[in-house]
Ligand SMILES: NC(=O)c1ccc[n+]([C@@H]2O[C@H](COP(=O)([O-])OP(=O)(O)OC[C@H]3O[C@@H](n4cnc5c(N)ncnc54)[C@H](OP(=O)(O)O)[C@@H]3O)[C@@H](O)[C@H]2O)c1
């Protein structure tokens, strides 16, 4: 059993990861600005209100933790069209805070199209992707580089287009750039991958693309 901090635990992948990590028997500290973890009550769950951009909040959140899962996201479609630095700013704060405290394991969600996976976006999708997600993914690329340059034991998960479908456990983990492509995957299956990484080191220092 590990003590896991989940950053961005109130919705989406983070909430689903919180649910599955508890099911797997881990102790979970669930952090978001709202502090909400809808529908979950468990003796191994600690809900905390905190901002990933606040050094004091993050220092407190890291206390006694073995593993960090970073599942931050911007709140609305409108936010995608404003300048975005959430991912890089939060990671610039998180990485040294983890290094200082000797918390080694970081599992982070970015997305297909971030970092070197950008080159694998099809010609047809490239322009609409850039128009809608360009700002977010430019910042996610900076986030990835900060993680890769760290001394942490990191894994970066790059899911394709997210759905709210059920957990199937049947999804592809694409490691080789030649295989990278877009596709859909449920948040529950992304959470399945993230929770497996708490104890599995197969994908250490790797950034696979996840699709059905
Ligand atoms: N949509 C897609 O098809 C797609 C595809 C690939 C990758 N992704 C990526 O996957 C990730 C997860 O997306 P999602 O839709 O499942 O989740 P989401 O709804 O975007 O949830 C984001 C989480 O981050 C938290 N958060 C945001 N700012 C925060 C801050 N400053 N401090 C602490 N917590 C903060 C939010 O909680 P509070 O608001 O309560 O703080 C929420 O719990 C995102 O990075 C997204 O870009 C999305």
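The values are calculated or read from the model by the stated rules, or taken from the named source; none is laboratory data. Just so you know, these numbers come straight off a predicted model, no measurement behind them. Using ideal geometry, Cβ is built from the backbone for each residue, glycine included, and neighbour counts are taken over all protein chains shown.
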Got at least one residue in segment 28-36 being modelled with pLDDT of 95 or more, in a loop (DSSP other than H, G, I, E, B), loosely packed, with under 15 Cβ neighbours inside 10 Å and within 9 Å of the ligand (Cβ to nearest atom)?
yes
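For segment 42-57, how many residues meet the condition of being assigned to a loop (DSSP other than H, G, I, E, B), away from the ligand (no atom under 11 Å from the Cβ) and within 14 Å of residue 5 (Cα to Cα)?
We begin by selecting, within segment 42-57, every residue assigned to a loop (DSSP other than H, G, I, E, B); these are 42-44, 50-54.
Filter once more, so that each one left must be away from the ligand (no atom under 11 Å from the Cβ): 42-44.
Then keep just the ones that are within 14 Å of residue 5 (Cα to Cα); that gives 44.
Adding up the residues that qualify gives 1.
From the set of residues in segment 58-81 that are within 8 Å of the ligand (Cβ to nearest atom) and modelled with pLDDT of 95 or more, which is farthest from the chain's Cα centre (by Cα)? Spell out how you get there, then give the answer.
Initial filter on segment 58-81 (within 8 Å of the ligand (Cβ to nearest atom)): 71-75.
Filter again for modelled with pLDDT of 95 or more, leaving 71-73.
Details: 71: 3, 72: 6, 73: 9 Å.
Step by step, filter segment 58-81, then rank; the result is 73.
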(1) touching a helix residue (DSSP H, G or I) at 6+ places or on another chain (Cβ under 8 Å); (2) closer than 19 Å to residue 57 by Cα; (3) within 12 Å of the ligand (Cβ to nearest atom) all hold for residue 84 apart from (2)
Among (1) more than 18 Å from the chain's Cα centre (by Cα); (2) over 22 Å from residue 194 (Cβ atoms), residue 38 falls short only on (2)
Practice item. Tell me, yes or no, whether segment 5-13 has at least one residue that is free of Cβ contacts under 8 Å to residues at least 60 places away in the same chain and surrounded by 19 or more Cβ atoms within 10 Å (Cβ to Cβ). Key: yes
